[in-house]
1. Taking the condition in contact with a Pro (Cβ under 7 Å, 6 or more places away or on another chain) and open to solvent by less than 10 Å² (accessible area, probe 1.4 Å), does ILE9 pass?
2. I'm checking my understanding of the structure. Among residues of region 169-180 that are within 19 Å of the chain's Cα centre (by Cα) and either within 11 Å of ILE196 (Cα to Cα) or of a type in the set (Ser, Thr, Tyr) (or both), which one is surrounded by the most Cβ atoms within 10 Å (Cβ to Cβ)?
3. Which members of region 47-75 meet the condition of being in contact (Cβ under 8 Å) with a residue 60 or more places away in the chain and under 13 Å from ARG15 (Cα atoms)?
4. Just checking, how many residues over region 181-198 are of a type in the set (D, E, K, R), surrounded by 13 or more Cβ atoms within 10 Å (Cβ to Cβ) and without any contact (Cβ under 8 Å) to a residue 12 or more places away in the chain?
5. Filter region 88-115 for residues that are of a type in the set (Asp, Glu), without any contact (Cβ under 8 Å) to a residue 60 or more places away in the chain, part of a helix (DSSP H, G or I) and surrounded by 15 or more Cβ atoms within 10 Å (Cβ to Cβ) and give the result.
6. Of the residues that sit in region 42-71 and are under 30 Å from LYS25 (Cα atoms) and among the hydroxyl-bearing types (Ser, Thr, Tyr), which one is most open to solvent (accessible area, probe 1.4 Å)?
7. Could you list, in sequence order, all residues of region 70-87 that are among the hydrophobic types (A, V, I, L, M, F, W, C) and not in a helix (DSSP H, G or I)?
8. Determine which member of the set GLY138, GLY167, GLY114 is in contact with a strand residue (DSSP E or B) (Cβ under 9 Å, 6 or more places away or on another chain) and either among the hydrophobic types (A, V, I, L, M, F, W, C) or at pLDDT 90 or above (or both).
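The values are calculated or read from the model by the stated rules, or taken from the named source; none is laboratory data. Predicted model only: the values in this text are computed from it and were never measured. Virtual Cβ from ideal backbone geometry, glycine too; neighbours counted across all protein chains shown. In case anyone asks, the SASA skips ligands and DNA or RNA and just uses the protein heavy atoms, side chains included. Shrake-Rupley method; radii C 1.70, N 1.55, O 1.52, S 1.80 Å.
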Amino acid sequence: MDERIRAVIDADFFRKITEYEHGPKLFLRVMNELNLQPVMHEFVAETELNGNQYLQKLLDTGMVDVIRYSDYLKEEDKKPYENYFREAFERINYYSFPKGEDPYIYADRGESLGEIRSLYMARKMGCPYFMSDDADAGTLTRSFFSRKSGITVQTLYEVFVLCRERGTSLTWKDIKVTATNAMRTRQKKLNMLKEIYGNSKEHEKTDLKR
């Protein structure tokens with residue numbers, strides 16, 4: 001029986017933690033060391049990340065689970081979900097959801113559609129973590145889900161901090177390439193990671209001796 005905790009993965013988070021490493025090795029290591037089972041909403045996996053070679057390999061081997069609407073929405077859940085979707089869409093995008101469009105399959109870029117759908121799924125399925133680097137994820141959580149929902153949005157930076165706090169075996173060398181590239185415009189956070197992970201010549205010498 002899999003006792004790992006489900007973590008819902010957003011598209012931007014997955015791209016950042018895999019593209020600079022040219023593969024999912026770091027992603028899988030983070031998930032394993034934090035005892036997390038990565039899951040994705042079907043829209044994220046099949047639309048936003050459609051054609052992503054790294055994700056496809058993980059799907060083929062069952063290392064990432066895809067959650068479908070039918071897994072968490074019963075007939076009586078559909079109307080509340082549709083109302084939520086339209087309200088959340090308007091709150092994030094500052095314009096109404098297009099008339100005549102289907103909230104289950106509607107797709108367009110730059111409208112936080114993956115975040116809107118994934119967060120509702122996380123709440124319905126009791127997933128405590130939503131891994132996303134999109135600021136809208138935090139806005140949605142504060143606007144539509146109380147603290148009692150138990151959902152915690154974790155950015156890539158926060159996940160790397162969590163790895164250190166949990167005492168995982170990850171070192172600065174392990175995350176350096178991804179952290180440096182993903183946070184190149186957020187120098188303060190990058191410097192904080194370097195400090196947390198003890199990035200100094202002295203530490204590097206110690207690691208080499210080991």
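1. Yes, satisfied.
2. Ranking the qualifying residues of region 169-180, first place goes to THR178.
3. GLU48
4. Count: 0.
5. Selection gives nothing.
6. Step by step, filter region 42-71, then rank; the result is THR61.
7. LEU73
8. GLY114
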